[in-house]
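Asker: One structure is given below, represented as structure tokens, and several questions about it will come after.
The values are calculated or read from the model by the stated rules, or taken from the named source; none is laboratory data. Nothing here was measured: the structure is a model prediction, and the numbers come from that model. Cβ coordinates were reconstructed from backbone atoms using ideal geometry, including for glycine residues, and neighbour counts include every protein chain displayed.
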């Protein structure tokens, strides 16, 4: 419960004081949009048909898609400080779905491990859980599914109504020889410096509740689709405040672990 409380305070802007000298989050989001447009222009990602801008007016929040404006106050999970911004996850990151590797292509060992659902749990990559590997040749053919530093990996299938999935983990440099299997998703931030903040946000109860309201599946198996995951509303503080918050989260969670 302590961890949940810490993360909820963090994402609501209550963990550290705001600093009026920080560059506003609105400026940060403009940089993100510029980077996204650059990647589209270079053909590295597809144009987003649902791109939107969220803004405040008359003490309410509105979302603009094309020429249409809609008040979204009822959809947002909580209030955030005035120098923060709300944004859809799809406007922060590019989503990469895992590749359907065939079991007959797995080899006994190599430098290239394929990460499956069981390898991502409780904020960690569990390399020793039923590890599978691919050849260098196959790794080169499926390079689009290779992990990069600051990627966020997530699991998209589990037990319905139990929330025993959507585990998230931040990729470090030592993890970049890994490749993602089907039902493992990857969020690649348009600005890598956002990943540290984003992964804590995705672990908070209010944001998880948004994600799981779109759960589908059978009586036992639950699934989360990429399109619905990407609709999630994410609170974004100024970049300097993100760093302060994340530093405090890290310190407090270390203290919790010693209790």
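Asker: Taking segment 237-258 only, how many residues are without any contact (Cβ under 8 Å) to a residue 12 or more places away in the chain and under 15 Å from residue 1 (Cα atoms)?
Answerer: Residues meeting the conditions: 4.
Asker: Kindly evaluate residue 36 against the criterion of being touching a strand residue (DSSP E or B) at 6+ places or on another chain (Cβ under 7 Å) and closer than 22 Å to residue 228 by Cβ.
Answerer: Considered against the rule, which asks whether it is touching a strand residue (DSSP E or B) at 6+ places or on another chain (Cβ under 7 Å) and closer than 22 Å to residue 228 by Cβ, residue 36 comes out as no.
Asker: Quick check on segment 150-169. Is at least one of its residues touching a helix residue (DSSP H, G or I) at 6+ places or on another chain (Cβ under 7 Å), on the phi < 0 side of the Ramachandran plot and surrounded by fewer than 18 Cβ atoms within 10 Å (Cβ to Cβ)?
Answerer: yes
Conditions (1) surrounded by fewer than 18 Cβ atoms within 10 Å (Cβ to Cβ); (2) more than 27 Å from residue 38 (Cβ to Cβ); (3) at pLDDT 95 or above, marked per residue:
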{"position": "173", "(1), (2), (3)": "yes, no, yes"}
{"position": "187", "(1), (2), (3)": "no, no, yes"}
{"position": "203", "(1), (2), (3)": "no, yes, yes"}
{"position": "223", "(1), (2), (3)": "yes, yes, yes"}
{"position": "227", "(1), (2), (3)": "yes, no, yes"}
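Asker: To continue, here is another question. Could you grab me the full set of residues in segment 95-128 that are over 23 Å from the mean Cα position of the chain (by Cα) and within 30 Å of residue 4 (Cβ to Cβ)?
Answerer: 128
Asker: Let me spell it out: the conditions are (1) within 28 Å of residue 173 (Cβ to Cβ); (2) over 22 Å from the mean Cα position of the chain (by Cα), and residue 66 meets all of them except one. Which number is the exception?
Answerer: So residue 66 meets the others, but not (1).
Asker: Out of 12, 37, report the one residue that is surrounded by 12 or more Cβ atoms within 10 Å (Cβ to Cβ) and within 22 Å of residue 209 (Cα to Cα).
Answerer: 12
Asker: Just to be sure before I move on: is residue 47 within 22 Å of residue 229 (Cβ to Cβ), exposed (fewer than 12 other Cβ atoms within 10 Å of the Cβ) and touching a helix residue (DSSP H, G or I) at 6+ places or on another chain (Cβ under 6 Å) in the structure I sent?
Answerer: For residue 47, the condition - within 22 Å of residue 229 (Cβ to Cβ), exposed (fewer than 12 other Cβ atoms within 10 Å of the Cβ) and touching a helix residue (DSSP H, G or I) at 6+ places or on another chain (Cβ under 6 Å) - is met.
Asker: Right, here's the next one. Considering segment 10-44 alone, what residues qualify as being under 17 Å from residue 96 (Cβ atoms), part of a helix (DSSP H, G or I) and out of contact with any helix residue (DSSP H, G or I) (no Cβ under 8 Å at 6 or more places or on another chain)?
Answerer: Matches in segment 10-44: 35, 39, 40.
Asker: Any idea how many residues of segment 50-74 are in a loop (DSSP other than H, G, I, E, B) and out of contact with any helix residue (DSSP H, G or I) (no Cβ under 9 Å at 6 or more places or on another chain)?
Answerer: Total satisfying the criteria: 7.
Asker: Being surrounded by fewer than 18 Cβ atoms within 10 Å (Cβ to Cβ) and within 15 Å of the chain's Cα centre (by Cα) is the requirement here; does residue 193 meet it?
Answerer: yes
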